[in-house]
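Asks: I'd like to ask you about the structure that follows.
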Amino acid sequence: MSNHVYKSIEITGSSTVGIEDAVNGAIAKASETVRNIQWFTVEETRGHVSDGKVAHWQVTVKIGFTLE
């Protein structure tokens, strides 16, 4: 069994659909340039309100990946 070393980054995704869509979008975008993504945690959830309604969900996630 090998030992792993991890690095984490923090990014924010947004969506007009919902929180889960914002998280999925953020992870999908990060996976375009970051290899070996292993886990994520939701650090913060917030949103943008327009005309008394939620216009965008904004979710900050910490993404962990294995260093090569």
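Asks: So what's the back-of-envelope 222 nm ellipticity for the chain, counting only DSSP H runs of four-plus at -39500 (n - 2.57) apiece and dividing by all residues, rounded to 500?
Replies: -5500 deg cm²/dmol
Asks: What is the extension gain from Thr41 to Thr12, computed as 0.36 nm multiplied by their sequence separation minus the C-alpha to C-alpha distance, in nm to one decimal?
Replies: 9.3 nm
Asks: Just the accessible area per residue of the chain, please: how many Å² with a 1.4 Å probe?
Replies: 72 Å²
Asks: Can I ask one more? Keeping all protein chains in position, work out how much accessible area Lys62 exposes to a 1.4 Å probe, and write it in Å² to the nearest 10.
Replies: 70 Å²
Asks: Can you bin every Cα-Cα distance in the chain into 5 Å intervals starting at zero and give me the percent of pairs per bin, rounded to whole numbers?
Replies: Once binned at 5 Å, the Cα pair distances of the chain give 4, 18, 25, 19, 13, 9, 6, 3, 2, 1, 0, 0.
Asks: Give, in nm to one decimal, the length gained when the segment between Asp21 and Thr66 is fully stretched (0.36 nm per residue of separation minus the Cα-Cα distance).
Replies: 13.8 nm
Asks: Related question: First compute the accessible area of the stretch 18-68 with a 1.4 Å probe, then give the percent of it belonging to carbon and sulfur atoms.
Replies: The nonpolar share, carbon plus sulfur, comes to 50 percent.
Asks: In debye, nearest 20: dipole of the chain around its Cα centre with unit charges on the Cβ of K, R (+) and D, E (-)?
Replies: That gives the chain a dipole magnitude of about 80 debye.
Asks: Relative contact order of the chain, please, whole-number percent, based on alpha carbon pairs below 8 angstrom and at least 6 residues apart.
Replies: 46 percent
The values are calculated or read from the model by the stated rules, or taken from the named source; none is laboratory data. This structure is a prediction, so every number in the text was calculated from the model and none was measured. FYI the Cβ positions are ideal-geometry reconstructions off the backbone, even for glycines, and counts take in every protein chain you see. With ligands, DNA and RNA removed, areas are computed over all heavy atoms of the protein, side chains included. Shrake-Rupley method; radii C 1.70, N 1.55, O 1.52, S 1.80 Å.
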